[in-house]
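Have a look at the structure below, then the notes.
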Amino acid sequence: MLVKLLRHTADPEKTCALAGRLCYSSRSIDELSKKLTTAAIKDLLQRIISSEHLSVLEHASFTFGIEGVSRALLAQLTRHRIASFSVQSQRYVKLRDKLEYVLPPEIKKREGLAREFVNAVEFTRNLYDKLLSEGIAAEDARYVLPQAATTKIICTMNARELRHFFALRCCNRAQWEIRDMSCRMLALVRKAAPLLFANAGPGCVRGNCREAEPCGRPWQKIICRNSKFPSKK
């Protein structure tokens with residue numbers, strides 16, 4: 001899996017803070033912008049986020065390049081409707097001789113099952129190649145491809161939706177692959193906009209697990225591949 005932050009709104013924290021200050025001021029936008037010091041931006045964003053008046057966070061957007069994730073993950077990701085997605089097409093991109101796929105860790109660690117899994121994927125790849133060689137269009141041959149087949153995605157979300165996304169998908173209860181991806185995304189945006197995402201993550205980071213069946217580790221450090229969520233002191 002490869003996750004990159006490709007682009008984001010210039011000075012995203014000041015942009016959101018400026019939008020928040022504008023709502024309660026009669027001054028011009030230029031005046032407000034000039035008076036927004038680093039300390040003022042920090043104080044304003046902390047108050048906005050703690051009060052959960054998050055509409056102004058929609059003014060900052062972040063675009064990610066994602067590779068090596070499965071079509072199974074894609075089905076979960078596109079349930080998040082306040083986002084923009086561009087996905088490598090299986091209709092126009094032929095995967096002949098280069099079908100890459102995700103082998104779930106729980107299957108990989110069981111040698112016999114892993115071998116059967118790989119054999120099944122290879123069988124579908126060979127059938128896919130045969131269909132193409134027999135003149136079947138890629139848009140029809142793709143029907144045989146497994147959900148394990150990898151894809152490439154460019155995804156854009158605003159900061160408000162990203163916080164919602166992280167609350168759901170960084171949780172221990174989330175499916176392992178999308179949790180891994182979302183934790184990588186969170187680590188990237190925390191570097192780009194630490195004030196916007198300082199306490200982003202699953203509900204237990206803020207002391208409010210909303211899962212019907214909590215994982216039982218509400219204040220334990222949750223460690224993802226590229227991100228750490230602080231425990232409550």
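With the crude spin-label approximation of a point 7 Å out along Cα→Cβ, what separation in nm comes out for ARG47 versus ASN126?
Result: 6.8 nm between the two label points.
In a shell of Cβ-Cβ distance under 11 Å around ALA159, excluding ALA159 itself, what net charge do Lys and Arg (+1) and Asp and Glu (-1) give?
Charge balance in the 11 Å sphere: -1.
Let a ≥ b ≥ c be the square roots of the eigenvalues of the Cα gyration tensor of the range 56-179; is it rounded (a/c under 1.5), or, if not, prolate (a/b larger than b/c) or oblate?
Verdict is oblate for the range 56-179.
Pairs of alpha-carbon atoms within less than 8 angstrom and 6+ residues apart define the contacts here; what relative contact order does the chain have, in percent?
Across the chain, relative contact order equals 24 percent.
Provide the gained length on full extension for the span LYS35 to ASN119, in nm with one decimal, where the gain is 0.36 nm per separating residue minus the Cα-Cα distance.
23.9 nm
Output the relative contact order of the range 91-148, whole-number percent, from Cα pairs under 8 angstrom with separation of 6+ residues.
Once normalised by length, the contact order is 45 percent.
Please report, in whole Å, how far the alpha carbons of the chain spread along each principal axis, starting with the longest.
Each principal axis gives a Cα extent; for the chain these are 70, 41, 26 Å.
Assuming 0.36 nm per residue, please report the length gained on full extension of the stretch MET1 to LYS98 beyond their Cα-Cα distance.
Difference between extended and current length: 33.3 nm.
Quick one: if the Förster radius is 41 Å, what FRET efficiency do GLU134 and HIS80 give, using the C-beta to C-beta distance and rounding to 0.05?
0.60
Which FRET efficiency value, to the nearest 0.05, do you get for THR63 and LYS152 by plugging their Cβ-Cβ distance into 1/(1 + (r/R0)^6) with R0 = 22 Å?
With R0 = 22 Å, the Cβ-Cβ based efficiency is 0.95.
Could you tell me which residue out of MET181, LEU132, ALA149 lies farthest along the dipole of the chain toward its positive end? Charges go on the beta carbon: Lys and Arg +1, Asp and Glu -1, centred on the Cα centre.
MET181
With n ≥ 4 as the cut-off for DSSP H runs, can you work out [θ] at 222 nm for the chain, using -39500 (n - 2.57) per run divided by the number of residues, rounded to the nearest 500?
-13000 deg cm²/dmol
Calculate the FRET efficiency for GLN88 and ASN199 from the Cβ-Cβ distance with a Förster distance of 25 Å, rounded to the nearest 0.05.
0.15
Using the Kirkwood radius built from alpha carbon pairs, what does the Stokes-Einstein equation give as D for the range 91-148 at 10 °C and 1.306 mPa s, in µm² per second?
My calculation gives 131 µm²/s for D.
Evaluate the distance, in nm, between pseudo-label points positioned 7 Å from the Cα of ALA212 and of GLU111 along their respective Cα→Cβ axes.
Here the answer is 4.0 nm between the modelled labels.
About its Cα centre, what dipole magnitude does the chain give when the only charges are +1 on Lys and Arg Cβ and -1 on Asp and Glu Cβ, stated in debye to the nearest 20?
Using only the charged Cβ atoms, the result is roughly 820 debye.
Please give every one of the aspartates and glutamates within straight-line cross-link reach of LYS35, meaning a C-alpha to C-alpha distance under 20 Å, and leave out same-chain neighbours fewer than 8 residues apart.
ASP11, GLU13, ASP43
FYI, it's all coordinate maths here, none of it is from the lab. Note that this is a predicted model, so its numbers are computed, not measured. Note that we place each Cβ from the backbone using ideal geometry, even for glycine, and neighbour counts take in every protein chain shown.
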